[in-house]
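Scroll down for the structure; my scribbles are underneath it.
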Amino acid sequence: MALGHSAPGLPGNVPPATGSSVGTALTPPSGRYRGRVLIGFVGAGLMGGGMVRNLAAAGHEVRLYARTPARAADLPATLAPSVAEAVSGAGLACSCVTDSDDVREVVEGMLAAPSPPPVLVELSTIAPAVARELAEECAGHGVAYLDCPVSGGPMGADTGTLAIMCGGDADALSVAAPALDAMGDPAKRFHCGPVGLGLVAKLVGNLLVGIISTGTAEALGVGQRAGLDPALAREILMSSSGDSWQLRNLFPRVLEGDHRPRFTTRNLLKDLGHVRDLADRPLTMGDAARGLLEQVPPDLDYGAVARLLMDLPD
């Protein structure tokens, strides 16, 4: 179900301009942001940079750990030399890294902090089983773990309009609401159930990303080889039952031969691997899409799979 939130006072809250003291209940400001929080953030990649900017724009104080500090040089955050120093004493920790092993390192560093935060919002897309394992470890140290993978790509991260699929405790989710409100669209935030189910929702979505993108390229390629201009075919399909997000948002770039990475083939294949581990039966269409994507240079955008199925500009 989609969520509405309250935001109780937290350790690490940044007092609002009214002069309320740290740790007391905060009066939410008008608009979508509810309370100002000291946030320890880990990750400054394609997604993390936009998230940090939106957290700061909402009035939150951000302490940031980035493996590559040069990526964070222009971000509105105080740089920290380690995960532990980024999150210690914060009201909330957020992490946006690549895969399961990276998140394990984040959790290890966070739990080594002198004063770990009460909640970790894990925005990375990892294996649900690993999230559940890490949630148990965090609970043993008094930290609530939320799996909150996102959808919307770098553009959604930059504009603060991400869809966020959440798994974990509802009270912890209320604690995380001020940050989630800043990073995503509250109307596109969903509480999927216990830890791990946010990731299940994200992974089945990315299974469709793989299937629909490859299927769309194949369809346009069939039309192209039969003499139908692909750009015209796209316009026609957008007015028919073949319409999709991929057709509207990915394929304008594909038809121009623009395969600069917004979502790399490497990361989509990583997620499809997690889907395969999750599935209780063979993935007929998913495996077909995976087989095509495995032929694409991994650091190109996943839309480059269309080069296997269409005649595109270099």
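Could you look through the range 166-186, keep only residues that are part of a helix (DSSP H, G or I) and among the charged types (D, E, K, R), and pick out the one that is nearest to Asp99 (Cα to Cα)?
Per the criteria, the residue is Asp181.
Do we have Ala163 as in a strand (DSSP E or B), surrounded by fewer than 24 Cβ atoms within 10 Å (Cβ to Cβ), among the small types (Gly, Ala, Ser) and at pLDDT 95 or above here?
Values: in a strand (DSSP E or B): yes; surrounded by fewer than 24 Cβ atoms within 10 Å (Cβ to Cβ): yes; among the small types (Gly, Ala, Ser): yes; at pLDDT 95 or above: yes.
Yes, satisfied.
Could we say that Leu308 is farther than 14 Å from Val209 by Cβ and touching a residue at least 40 places away in the same chain (Cβ under 8 Å) here?
So Leu308 fits the description; yes.
State whether one or more residues within the range 137-144 are at pLDDT 95 or above, of a type in the set (Asp, Glu) and closer than 18 Å to Asn54 by Cβ.
Taking every residue of the range 137-144 in turn, none turns out to be at pLDDT 95 or above, of a type in the set (Asp, Glu) and closer than 18 Å to Asn54 by Cβ.
The rows are residues; the columns are (1) of a type in the set (A, V, I, L, M); (2) assigned by TED's automatic domain parsing to the domain that holds Asp277; (3) under 28 Å from Ser241 (Cβ atoms).
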{"residue": "Cys148", "(1), (2), (3)": "no, no, no"}
{"residue": "Thr159", "(1), (2), (3)": "no, no, no"}
{"residue": "Cys166", "(1), (2), (3)": "no, no, no"}
{"residue": "Ala170", "(1), (2), (3)": "yes, no, no"}
{"residue": "Met183", "(1), (2), (3)": "yes, no, no"}
{"residue": "Ala217", "(1), (2), (3)": "yes, yes, yes"}
{"residue": "Leu220", "(1), (2), (3)": "yes, yes, yes"}
{"residue": "Pro230", "(1), (2), (3)": "no, yes, yes"}
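Return the residues of the range 145-160 that are out of contact with any Leu (no Cβ under 7 Å at 6 or more places or on another chain) and either modelled with pLDDT of 95 or more or among the basic types (Lys, Arg) (or both); say none if nothing qualifies.
Ala157, Asp158, Thr159, Gly160
Conditions (1) of a type in the set (Ser, Thr, Tyr); (2) under 20 Å from the mean Cα position of the chain (by Cα), marked per residue:
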{"site": "Val209", "(1), (2)": "no, yes"}
{"site": "Asp229", "(1), (2)": "no, no"}
{"site": "Arg234", "(1), (2)": "no, no"}
{"site": "Thr264", "(1), (2)": "yes, yes"}
{"site": "Leu268", "(1), (2)": "no, yes"}
{"site": "Ala289", "(1), (2)": "no, no"}
{"site": "Glu294", "(1), (2)": "no, no"}
{"site": "Asp299", "(1), (2)": "no, yes"}
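Within the range 248-259, is even one residue in contact with a Lys or Arg (Cβ under 8 Å, 6 or more places away or on another chain) and part of a loop (DSSP other than H, G, I, E, B)?
Checked the range 248-259: at least one residue is in contact with a Lys or Arg (Cβ under 8 Å, 6 or more places away or on another chain) and part of a loop (DSSP other than H, G, I, E, B).
Are any residues in the range 134-160 part of a helix (DSSP H, G or I) and either hydrophobic (A, V, I, L, M, F, W, C) or under 13 Å from Met47 (Cα atoms) (or both), and if so, which ones? Write out each step before concluding.
Residues of the range 134-160 that are part of a helix (DSSP H, G or I), as a first pass: 134-139, 153-159.
The answer is Leu134, Ala135, Cys138, Ala139, Gly153, Pro154, Met155, Gly156, Ala157, Asp158, Thr159.
May I ask you to list the residues in the range 76-94 that are in contact with a Leu (Cβ under 8 Å, 6 or more places away or on another chain), outside any strand (DSSP E or B) and over 18 Å from Val175 (Cα atoms)?
Passing the criteria: Ala77, Ala80, Ala86.
Looking at the structure I just gave you, is Val97 in a loop (DSSP other than H, G, I, E, B) and of a type outside the set (Ser, Thr, Tyr)?
yes
Among the residues that make up the range 69-76, is at least one of them assigned by TED's automatic domain parsing to the domain that holds Ile164 and closer than 20 Å to Pro116 by Cβ? Outline the logic, then answer.
First, pick out the residues of the range 69-76 that are assigned by TED's automatic domain parsing to the domain that holds Ile164: 69-76.
Now drop any that are not closer than 20 Å to Pro116 by Cβ, which leaves none.
No: zero hits.
Collect the residues in the range 45-75 that are in a loop (DSSP other than H, G, I, E, B), out of contact with any Pro (no Cβ under 6 Å at 6 or more places or on another chain) and over 20 Å from Ala176 (Cβ atoms), keeping them in residue-number order.
Within the range 45-75, Gly45, Ala66, Arg67, Thr68, Ala73, Asp74, Leu75 meet the criteria.
The values are calculated or read from the model by the stated rules, or taken from the named source; none is laboratory data. For clarity, every value in this text was computed on a predicted model and none was experimentally measured. With ideal geometry, Cβ positions are generated from the backbone for all residues, glycine too; neighbour counts draw on all protein chains shown.
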